[in-house]
Amino acid sequence: MTLRPFILSLLTFTTLSATAQESPCPLPSEGPVQNLIFVAKPTEENCRLAQDLVDTLDQVRRTFLMAPPVTLVIGEQAGNASFDNGHIIRIPQHLVFSDAQGGTYQANTEQLKTVVVHEYGHAILKEIWAQDFNEEFGELFTGLEEISTIAETNLELKISSRAVRQMSAQLANSDAYSLYFKTLPAYSELYADALAVIFFDDPAVMYKALYYPQIPANKEVYIEPRNFAHEHSAEQLHAHPDEHTKLSLVRSFIGKNMPANPEQKRHLMKRLERAMTLAIRDELSTTSTPSLEEANTRLLHYFLEQNP
């Protein structure tokens with residue numbers, strides 16, 4: 001559910017590629033999911049899950065009228081999902097959380113649907129940013145897409161190669177990579193959360209997707225700020241800051257101003273996209289980093305400036 005460790009994610013793909021299986025599930029003729037790959041042996045159970053996720057992303061396409069193509073990789077068991085910043089969304093068949101006593105909790109299908117919509121939000125925003133920030137990050141986006149294409153081929157052919165590791169290491173040493181991950185992840189996490197919240201008409205849907213019985217307190221403090229239904233405070237921003245929680249004041253504002261129909265949903269996401277572009281340009285124009293309060297206030301300012 002995070003952008004930063006794309007190298008680790010792709011290395012994982014090459015490690016698991018020896019067991020990848022061709023999809024037995026027919027894909028719809030239209031929709032964002034252009035390829036479906038199973039890491040483990042395809043079964044009737046994970047085929048049903050895959051179809052649910054494919055159908056959900058197609059509903060996202062029809063709601064927001066945006067459909068960047070992605071490859072959906074269904075893994076086995078893991079504690080997270082990911083988007084590789086190219087075109088691969090990886091989601092486990094069994095998304096498993098752990099409590100402090102070593103117990104485990106398996107996410108249900110509805111939670112997995114929320115997670116895949118969140119990850120698809122990253123894919124949508126990457127396509128937007130590839131145009132809006134082509135001058136700053138064009139070569140980086142091109143490199144990430146090339147890596148993603150190689151990783152997908154590795155999975156399909158059940159092989160591994162050094163190319164992904166070499167290209168990933170080269171990108172990670174670039175100035176554009178450092179600037180990107182210094183500036184953009186918090187905005188991407190907000191956008192991806194907002195897309196899920198608005199699509200499911202539930203301000204608390206991200207919190208529900210990540211919450212589980214007996215969740216340790218030191219984990220819940222990082223998912224509670226992603227609850228758009230709560231009124232977050234400036235003090236909370238400093239308690240447990242990370243890329244998922246940095247813009248929580250904006251989450252609260254959106255939660256109090258939920259759209260009522262598909263047209264309003266599209267308009268809100270467009271306003272958020274434009275506001276983010278303006279806020280990011282401000283950050284890129286200076287070497288100083290805004291405070292957490294400043295980042296939220298500035299983004300809200302630009303959001304309210306957009307045609308309501």
Entirely in the stretch 187-252, the helices (runs of 4 or more DSSP H) that have 2 or more residues that are modelled with pLDDT under 95 and aliphatic (A, V, I, L, M): 217-223, 234-239
Meets criteria (modelled with pLDDT of 65 or more and part of a helix (DSSP H, G or I)) for Arg48: yes
Scan of the stretch 112-139 for residues that are touching a strand residue (DSSP E or B) at 6+ places or on another chain (Cβ under 8 Å) and among the hydroxyl-bearing types (Ser, Thr, Tyr), ordered by number: Tyr120
Ile91 crowded, with 18+ Cβ neighbours inside 10 Å, without any contact (Cβ under 8 Å) to a residue 40 or more places away in the chain and within 22 Å of Ser188 (Cα to Cα): yes
Residue among Ala217, Ala239, Ala234, Ala279 that is aliphatic (A, V, I, L, M), touching a residue at least 40 places away in the same chain (Cβ under 8 Å) and more than 29 Å from Phe133 (Cα to Cα): Ala234
Unmet requirement for Glu273, which otherwise passes all of (1) within 18 Å of Ala186 (Cβ to Cβ); (2) assigned to a loop (DSSP other than H, G, I, E, B); (3) in contact (Cβ under 8 Å) with a residue 12 or more places away in the chain: (2)
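For every residue, the table says whether it meets (1) outside any helix (DSSP H, G or I); (2) within 30 Å of Ala275 (Cα to Cα).
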| position | (1), (2) |
| --- | --- |
| Arg90 | yes, yes |
| His94 | yes, no |
| Lys113 | no, yes |
| Val116 | no, yes |
| Gly121 | no, yes |
| Ile124 | no, yes |
| Ile128 | no, yes |
| Glu136 | no, yes |
Neighbours by Cβ (under 9 Å, 6+ apart or cross-chain): first from the stretch 52-81, free of Cβ contacts under 8 Å to residues at least 12 places away in the same chain; second surrounded by fewer than 20 Cβ atoms within 10 Å (Cβ to Cβ) and among the hydrophobic types (A, V, I, L, M, F, W, C): none
Meets criteria (surrounded by fewer than 17 Cβ atoms within 10 Å (Cβ to Cβ), on the phi < 0 side of the Ramachandran plot and in the same structural domain as Thr43 (by TED's automatic domain parsing)) for Glu119: no
Residue list for the stretch 32-45, filter: touching a residue at least 40 places away in the same chain (Cβ under 8 Å) and in a helix (DSSP H, G or I): Glu45
Qualifying residue in the stretch 173-183 (condition: closer than 26 Å to Leu95 by Cβ and either part of a helix (DSSP H, G or I) or of a type in the set (Lys, Arg) (or both)): yes
Set Glu283, Glu231: member being exposed (fewer than 14 other Cβ atoms within 10 Å of the Cβ) and in contact with a helix residue (DSSP H, G or I) (Cβ under 6 Å, 6 or more places away or on another chain): Glu231
Boolean, Val205 is closer than 23 Å to Asn296 by Cβ and among the β-branched types (Val, Ile, Thr): yes
Residue in the stretch 126-138 that is more than 21 Å from the chain's Cα centre (by Cα) and surrounded by fewer than 16 Cβ atoms within 10 Å (Cβ to Cβ) present: yes
Pair list, Cβ < 9 Å and 6+ apart or interchain, from the stretch 137-156 residues that are among the acidic types (Asp, Glu) to residues that are loosely packed, with under 15 Cβ neighbours inside 10 Å: Glu139/Ser174; Glu156/Glu22
Residues located in the stretch 41-58, provided they are within 17 Å of the chain's Cα centre (by Cα) and under 14 Å from Glu110 (Cβ atoms): Leu53, Thr56
Residues satisfying the stated conditions in the stretch 164-180, i.e. surrounded by 15 or more Cβ atoms within 10 Å (Cβ to Cβ) and of a type outside the set (Ser, Thr, Tyr): Val164, Arg165, Met167, Leu171, Ala176, Leu179
Residue among Leu195, Leu190 that is touching a Leu at 6+ places or on another chain (Cβ under 8 Å), buried (at least 21 other Cβ atoms within 10 Å of the Cβ) and not assigned by TED's automatic domain parsing to the domain that holds Phe83: Leu190
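The values are calculated or read from the model by the stated rules, or taken from the named source; none is laboratory data. Computed from a predicted model, the values in this text were never measured in an experiment. Counting neighbours? That spans all protein chains shown, and the Cβs are built from the backbone with ideal geometry, glycine included.
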